[in-house]
1. Choose one of ALA13, SER40, PRO2: the residue whose Cα lies farthest towards the positive end of the charge dipole of the chain (beta-carbon charges +1 Lys, Arg; -1 Asp, Glu; about the Cα centre).
2. Can you compute the modelled spin-label distance between GLU72 and SER40, with each label point 7 Å from Cα toward Cβ, in nm?
3. For the chain, give the magnitude of the charge dipole about the Cα centre (Cβ charges: +1 Lys/Arg, -1 Asp/Glu; no others), in debye to the nearest 20.
4. Skip the ligands, DNA and RNA, and give the accessible area per residue of region 19-64 with a 1.4 Å probe, whole Å².
5. Given the protein chains as shown and a 1.4 Å probe, how many square angstrom of VAL26 are accessible, to the nearest 10?
6. Within the chain, what whole-number % of the accessible surface is contributed by carbon and sulfur, with the 1.4 Å probe and all protein chains included in the calculation?
7. On a 0 to 90° scale, report how tilted helix 41-59 is relative to the longest principal axis of the chain, with both axes built from alpha carbons and the result rounded to the nearest 10.
8. If one takes the longest principal axis of the Cα atoms in the chain, at what angle in degrees, from 0 to 90 and to the nearest 10, does the Cα axis of helix 4-20 lie?
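The values are calculated or read from the model by the stated rules, or taken from the named source; none is laboratory data. Just so it is clear, the structure is predicted and the values come from calculations on it, not from any experiment. Using ideal geometry, Cβ is built from the backbone for each residue, glycine included, and neighbour counts are taken over all protein chains shown. Surface accessibility is based on the protein's heavy atoms, side chains included, excluding ligands, DNA and RNA. Shrake-Rupley method; radii C 1.70, N 1.55, O 1.52, S 1.80 Å.
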Amino acid sequence: MPDLTDLQANRAAIVAALGSGQLRAVFHDGGTRREVEWRSIPDLERALGAIDREIAALSGRRIHTFKPFFPEHY
């Protein structure tokens, strides 16, 4: 399992990919270079959520997500 520093670096790579609209990110885990390409932005967002949960677990805290729902008015 990667350490907290590696996870934070991986998270930064995912956030950079999301910010640029790319579906590819490059990771460096313990001296190994990996390049990952996702199929869609939602897949990339799920990867970000997964890495956030790993970081939270290593930090001893939980992730709380608030997703507002706004119904459409006709």
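1. PRO2
2. Distance between label points: 1.8 nm.
3. Roughly 120 debye, rounded to the nearest 20.
4. Counting only protein heavy atoms, the per-residue value for region 19-64 is 72 Å².
5. Roughly 50 Å² of VAL26 is accessible to a 1.4 Å probe.
6. It is 54 percent, rounded to a whole number.
7. It is inclined by approximately 60 degrees.
8. 50 degrees
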